[in-house]
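Okay, so here's the structure we're looking at.
The values are calculated or read from the model by the stated rules, or taken from the named source; none is laboratory data. Fair warning: this is a prediction, and the values are worked out from it, not measured in the lab. Glycine also receives a Cβ, built like all others from the backbone with ideal geometry; neighbour counts cover every protein chain displayed.
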Amino acid sequence: MSFEKLGLIKPLLSAIKELGYEHPTLIQKRAIPLVMAKSDIFATAQTGTGKTAAFALPILQKLRKTSNDENRLIKVVILSPTRELSIQIEDDIQKFSKHMSVKSTILVGGKDITAQQRILKKGVDIVIATPGRFMEHIENGLKISDISIFVVDEADRMLDMGFSKEIRKIHLMLPKRHQTLLFSATYSDKVRKLSKQILTKPAFIETAKKNTTVDTINQVAYMVDTARKAELLAYLIGSRNFPQVLVFTRTKVSADELFLELQKDGLKCGIIHGDKTQAHRLKTLNQFKEGKVRVLVATDIASRGLDIEELPYVINYELPSIPEDYVHRVGRTGRAGRNGEAITLLDIYEKYDVRDIERLIGQKIPQEVVEGFEPDPSIRRKDQDELKLKSEHKKPEAKRVRKPAKKSFCKTCFKEKKKNYKKRLILEFV
Ligand code: AMP
């Protein structure tokens, strides 16, 4: 199957060719004809599968006859969870529409709203927006009566971030006859519920098994003591000569601590998390993309939508709070069919949590030990028995309880971590 066979117009085919895409990916093969046929879509597709082009290409095809009139109204709105993802979607749209006269813009929070309004006044066909900021524009009088396509990208992430109300509100305000395309990396109950609320007779596209990780990713977990995680990380990066690596922590605090520790080790690092300004996040991401930063430390907020080409390694410095986030994290590597490696540094406190992830992805993550970093058996035996006992008594519905923030690698907070873990177990029993 070729892009030509999908019936795409010449300006799009030329742009695709210039980008070096040879064949459509599975999601593109399935979604492009359906979008062109005006069907609503519910697609479960992980990042890295080519899902942006799957909706952007047919949308652009539909806009081919758009006028350049300054008074034209928005035809397409794409909701995305974060500024970074919005920027990446727009970037892709710009590349695909290189030989067309379609105009797009980004409406995200944290940026001057009047500047955004000035751009909108000049006439825009596509907006890529975060839900909150798009609502603000509507409240300020943005005309949405011409919108015929509504895309909800990374729906599961947006729901996790609490945008359910905004998405439904926006949907209700749009013209009755519009096409809705819903994309989600995971297939949770929340997403299913939303799909029932906003989709009409949708075509269902499932390009990956529920919550499975991409086949091209090698996954391994190294057992290590909490206090030696940072040391092991620096060792792996150095001894294996990782050119670039994305490292995930569970909390902002541990991201900050790890960042400082790695800097002390002389590694060129960047850090992205929710407390960093947008300007900082974009600058860091660009430095990483340009190869000026070797290690990018990030929390889960950054795990979605970051499109960093050919990222060979992802390291889970700490397991995520929610098992589904593991899928999103490791989805940063092995993109568009390339090979990747996802390494998890697993301490005694996470040994039982990893089972929730394995259950979700339907496969075992091999556990190994790096020579010289063997876990201290005295910590192991004593705590392992206790943890195992408690884990066996866990209520099934308690599995998804968010864990309290924890400081993980800092040597001095080892005891505190132990206390936290016990507290968490108690919380999960409540
Ligand atoms: P996405 O899932 O949209 O985040 O896309 C992941 C990456 O795959 C991006 O870097 C795209 O440029 C790339 N990509 C998308 N479609 C194709 C294709 N048909 N062939 C090769 N690369 C692609």
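Brief remarks on what is shown
- Residues of segment 113-131 classified as part of a loop (DSSP other than H, G, I, E, B) and surrounded by 16 or more Cβ atoms within 10 Å (Cβ to Cβ), total: 4
- Meets criteria (under 27 Å from S195 (Cβ atoms), near the ligand (Cβ under 7 Å from one of its atoms) and in contact (Cβ under 8 Å) with a residue 12 or more places away in the chain) for K29: no
- Members of segment 33-65 that are away from the ligand (no atom under 16 Å from the Cβ) and within 14 Å of A203 (Cα to Cα): L34, M36, A37, K38, S39, D40, F42
- When segment 86-144 is filtered for residues that are more than 22 Å from the chain's Cα centre (by Cα) and among the basic types (K, R), the ones remaining, listed by number, are K98, K103, R118, K121, K122, K143.
- Residues located in segment 361-380, provided they are at pLDDT 80 or above, more than 33 Å from the chain's Cα centre (by Cα) and not acidic (D, E): G372
- Of the numbered criteria (1) more than 20 Å from the chain's Cα centre (by Cα); (2) closer than 16 Å to F55 by Cβ, the one E154 fails is (1).
- One residue stands out among those in segment 311-342 that are part of a loop (DSSP other than H, G, I, E, B) and at pLDDT 80 or above: the one that is nearest to F259 (Cα to Cα), which is Y317.
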